[in-house]
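Written below as structure tokens is the structure these notes are about.
Just so you know, all these numbers are worked out from the coordinates, no wet-lab data involved. Because the structure is a prediction, the values reported are computed rather than measured. No Cβ is skipped: glycine too gets one built from the backbone with ideal geometry, and neighbour counts run over all protein chains shown.
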Amino acid sequence: MSPYPFGVRTYSPKASELDRAWWIIDAEGQVLGRLATEVARVLRGKHKPMYTPHLDCGDHVIIVNADKVVATAGKADRKILYRHSGYPGGLRSETLAEAMRRSPAEVVRRSVRGMLPHTRLGRQMLRKLKVYAGPAHPHEAQSPQPLALGRRTP
């Protein structure tokens, strides 16, 4: 006879039980890839004890000063970014430095997008990301809290 009369059941949170916080990150001087991994972790909800892979239980993230993000080891000139229009001969390429000059917010958003699931759930998570090239953002009403990046304890 089992010591648990009804068996052991795994708790799975419901979408109505989730509460979403707003975080703000200053990207000035941050390394692009390390910033993107931390942001993807918060967007997925992996920082919460009630993380569930099949639910979007992550928080909203605002990134400011995206134009001041840095790339390591000279990658800005070596790394090539590609996009395709979907038509024959529609492959376009540019270096990371050219893309940062053209649209730094889009570069940061694309690097975070690559670290999220490539499904409908990943697209839903990406909608909670707001990226701005400068220090100003229109989300003061949500009173975002600063998110500390760096080493975290297990």
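Dipole magnitude for segment 51-113: computed about the Cα centre from +1 point charges on Lys and Arg Cβ and -1 point charges on Asp and Glu Cβ, it is near 240 debye.
Since only PRO117, ALA133, THR95 are under comparison, the one whose Cα sits farthest along the positive direction of the charge dipole of segment 77-154, derived from C-beta charges on Lys, Arg, Asp and Glu, is PRO117. Straightening the chain between TYR82 and LEU18 buys 19.4 nm, computed as 0.36 nm per residue apart minus the Cα-Cα spacing. Here the simple spin-label model places points 7 Å from the Cα toward Cβ, and for GLU28 and LYS75 these points are separated by 2.3 nm.
Counting only lysines at least 8 places from LYS68 when in the same chain, those with an alpha carbon closer than 20 Å to its own are LYS79, LYS130.
Evaluated with a Cβ-only charge set (Lys, Arg +1; Asp, Glu -1), segment 13-53 carries a dipole of roughly 260 debye about its Cα centre, given to the nearest 20.
Over the chain, what is the relative contact order in whole percent, taking alpha-carbon pairs under 8 Å and six or more residues apart? Don't jump to the answer; show the numbers that get you there.
On the way: 212 pairs, mean separation 46.4, N = 154.
Dividing the mean separation by the residue count of the chain yields 30 percent.
The charge dipole of the chain, taken about its Cα centre with unit charges on the Cβ of Lys, Arg, Asp and Glu (plus for the first two, minus for the last two), comes to roughly 480 debye. Considering only LEU43, ALA71, ALA105, and ranking their Cα positions along the charge dipole of segment 30-114 that arises from unit charges at the beta-carbon of Lys, Arg, Asp and Glu, the one farthest toward the positive end is ALA71. Relative to the dominant Cα principal axis of the chain, helix 32-44 is inclined by about 30°.
For segment 52-143, the square roots of the Cα gyration tensor eigenvalues, ordered a ≥ b ≥ c, give a/c of at least 1.5 with a/b no greater than b/c, which places it in the oblate category. 3J(HN,Hα) along segment 109-124, derived from phi through the Karplus expression 6.51 cos²θ - 1.76 cosθ + 1.60 where θ = phi - 60°, amounts to 5, 5, 5, 6, 4, x, 9, 9, x, 8, 9, 4, 5, x, 5, 5 Hz, with x in place of Gly and Pro.
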